[in-house]
1. Would you mind stating whether Val253 is within 18 Å of Lys272 (Cα to Cα) and either in the same structural domain as Phe91 (by TED's automatic domain parsing) or within 17 Å of the chain's Cα centre (by Cα) (or both)?
2. Among the residues that make up segment 45-54, is at least one of them surrounded by fewer than 20 Cβ atoms within 10 Å (Cβ to Cβ) and in contact with a Leu (Cβ under 9 Å, 6 or more places away or on another chain)?
3. Determine, yes or no, whether Leu224 is more than 14 Å from the chain's Cα centre (by Cα) and either assigned by TED's automatic domain parsing to the domain that holds Lys26 or not in a strand (DSSP E or B) (or both).
4. Going by the structure shown, is Ser241 of a type in the set (S, T, N, Q), in contact (Cβ under 8 Å) with a residue 40 or more places away in the chain, closer than 29 Å to Thr11 by Cα and in the same structural domain as Asn29 (by TED's automatic domain parsing)?
5. Of the residues that sit in segment 259-276 and are surrounded by 16 or more Cβ atoms within 10 Å (Cβ to Cβ) and part of a helix (DSSP H, G or I), which one is modelled with the lowest pLDDT?
6. Whether any residue in segment 111-118 is among the small types (Gly, Ala, Ser) and touching a residue at least 24 places away in the same chain (Cβ under 8 Å) is what I want to check.
7. Which of the residues spanning segment 187-233 are without any contact (Cβ under 8 Å) to a residue 12 or more places away in the chain and of a type in the set (Gly, Ala, Ser)?
8. If the requirement is being more than 24 Å from Ala213 (Cβ to Cβ) and of a type in the set (Val, Ile, Thr), which of these qualifies: Ile25, Ile80?
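The values are calculated or read from the model by the stated rules, or taken from the named source; none is laboratory data. Keep in mind that this is a model prediction, so the values were computed, not measured. Here the Cβ positions follow ideal geometry from the backbone for every residue, glycine too, while neighbour counts run over all protein chains shown.
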Amino acid sequence: MSAMIKVENLTHIYSKDTPFEKAAIKDVNLEIEEGEFVGVIGHTGSGKSTLIQHLNGLLKPDSGKIYIDGQDIWENKKNIRQVRFNVGLVFQYPEYQLFEETVAKDIAFGPTNMGLSQDEINERVEQAIEFVGLSRDLLQKSPFELSGGQKRRVAIAGVIAMRPKVLILDEPTAGLDPKGRDRILSQIKDYHKRTGSTILLVSHSMEDIAKFANKALVMNESKLFAYDTVENIFKQSDSISKMGLSVPQITKVFDKLSEKGYFTNENIYTVKYATDLLLKHLKKEEQ
């Protein structure tokens, strides 16, 4: 598979040439293949938000290059608008960016700016609202009549309607209750399955990363610490804990069991896997 995202020697410095100069990201090299679902983790100030804002051209590198689907995004500055259609970025609390008088108009905002025909825009709006699990009956309502979780899904639908090759979501479940959180993440996973898009999910919840992502990208102190399968990342539970990050709670439980001589060769990071393993173990005990 070819790399959908390629980052070469990427460095970005804030407040350059002032006493407050700070490298937000330093010499990052990274390749993410097309169709991956990547969890992005790192403590506050690790560089993860700066990294994702480079991927759709919101920030410009001080040095280094970014390629999306083989194209250097800064090769021609005039093309940066197209890059933002190809790399959709959903910020934290995106519902605060809703502004149109109807849900349909809000979702149509991106596709309209792409210069598409009205028929194509309508089709994309209807498909996008279906992807996020909302009823078409809401299309003519004001977004401000909706619940917090519904507003969040409308905002995500607005980015999905542009059919980006890469969808980046920065803490898309922040502030939602557990039910709303699971609903949004399940719909993003379903969207990934149905479209094969490349997805980057920034989250503080290691449980969410373990449950939904295939790969994990860890930023630490402005550098890329690791990019690997979720399983291999959570095998490094000691290193991750030293960074001030938390591994999934189920991993901590099985680490303790491992110390006592149980399940020593297992790397457990999802509740489902843990349940299956325990059931298998109990059946053996019964025999």
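1. Taking the combined requirement at face value, the residue does not satisfy it.
2. yes
3. yes
4. So Ser241 does not fit the description; no.
5. Per the criteria, the residue is Tyr273.
6. No, the conditions are met nowhere in segment 111-118.
7. Within segment 187-233, just Ala226 meets the criteria.
8. Sole residue among the options that is more than 24 Å from Ala213 (Cβ to Cβ) and of a type in the set (Val, Ile, Thr): Ile80.
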